[in-house]
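This report concerns only the one structure given below.
The values are calculated or read from the model by the stated rules, or taken from the named source; none is laboratory data. Not measured: the values here are computed from a predicted model. So basically every Cβ, Gly included, is an ideal-geometry build from the backbone, and we count neighbours across all protein chains shown.
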Amino acid sequence: MKFQRPTSDDDSSTAHDGSFNTPANSESVSKEKPSKKNRKKDKGSEGSSPVNPRTEEKLLVLPCGPSAVGIMLLIILSGFYVVHCVWAAAEAYSAPSIVLTSRSHDELHVFDDFREAYGWLRHNTDVDDKVASWWDYGYQTTAMANRTVIVDNNTWNNTHIATVGTAMASPEKAAWEILNSLDVKYVFVVFGGLIGYSSDDINKFLWMVRIGGGVFPHIKEADYLRDGNYRVDAHGTPTMLNSLMYKLCYYRFVETDGKGFDRVRRYEIGKKHFKLTHFEEVFTTHHWMVRIYKLKPQKNRVRGKLKLKKCLLQSSKTSSSGKKRPW
């Protein structure tokens, strides 16, 4: 006997379509098609070969010998750098113009005259005293001597600098009047003729004349020049040899060697024996680099007139009596 399997609507639809639901077909249907990015990744993974991490570590590590040599070179270079920094700080930055040094025959000479002079001003002058000098030493005087200066390194006030330059270039009496009008009590100059210090005020004197002449027309540079040079020897001009700068620098200079030989200019000075009438020397440093002078007080003119009248009366009395009275 033959039996016929009952058919459902689904079976009929599949049979009608001519397709059967097999396991292989179900798996292919369930799988989705891979995207383009996944295909590229699969191709890249297939093309690249697996790398062992141990081989990478071995390639990055240097041998012991070259590593030790490199470390030693770094240490040596660091040491040289430290030595260079110390030298640069000692020679270039820590050697200001306060303390000067020089070498001769493997000997080191230290010239501490600036500190010596500023220390004297600090301990031997009043707090309110004013000090006059060239502007190069203004900040040093203010900081180390703690005294008021007329001009300093802030050179914006050209009139004040020209006034000090004119005082240094003027004769002693005229210079005293200028400095006294500024209420100056002390004035100092830097002189290097004894030890050969070339950056002294004599070599800077040309700027004092030029700056002073730019503001005060009666200061003329031609009056200080001989053959185009500022000479302080026997061929120097009278204006130069009578200036305050010359007198403050070379006062008693002939007493050092008996000749007055200037080691910077390399000749004997012209005017050797002279006296100061309006200034008084109060301090000179060990190497004669800094010379400090004090302005003498102004004479009391009223007292002088009274004294003159008294002398005239006494002379008239003696002349009238004919003989000198014992009292």
- Query: Residues in the stretch 150-163: is at least one more than 28 Å from residue 266 (Cβ to Cβ), touching a Ser or Thr at 6+ places or on another chain (Cβ under 9 Å) and exposed (fewer than 14 other Cβ atoms within 10 Å of the Cβ)?
  - Reply: no
- Query: What is the one condition in (1) loosely packed, with under 10 Cβ neighbours inside 10 Å; (2) in a helix (DSSP H, G or I); (3) modelled with pLDDT under 80 that residue 50 does not satisfy?
  - Reply: (2)
- Note on the structure: residue 115 passes all but one of the listed conditions (1) touching a residue at least 24 places away in the same chain (Cβ under 8 Å); (2) surrounded by fewer than 10 Cβ atoms within 10 Å (Cβ to Cβ); the exception is number (2)
- Item | 2 or more residues among the hydrophobic types (A, V, I, L, M, F, W, C), modelled with pLDDT under 95 and farther than 30 Å from residue 223 by Cα: qualifying strands (runs of 3 or more DSSP E) within the stretch 76-180 | 107-111
- Do you know which residues across the stretch 248-266 are touching a strand residue (DSSP E or B) at 6+ places or on another chain (Cβ under 7 Å), modelled with pLDDT of 95 or more and surrounded by fewer than 18 Cβ atoms within 10 Å (Cβ to Cβ)? 261
- Message: Every residue in the stretch 229-247 that is outside any loop (DSSP other than H, G, I, E, B), modelled with pLDDT of 95 or more and polar (S, T, N, Q), please.
- Response: 239, 243
- Has the stretch 228-236 got at least one residue that is crowded, with 19+ Cβ neighbours inside 10 Å, of a type outside the set (Ser, Thr, Tyr) and closer than 27 Å to residue 156 by Cβ? no
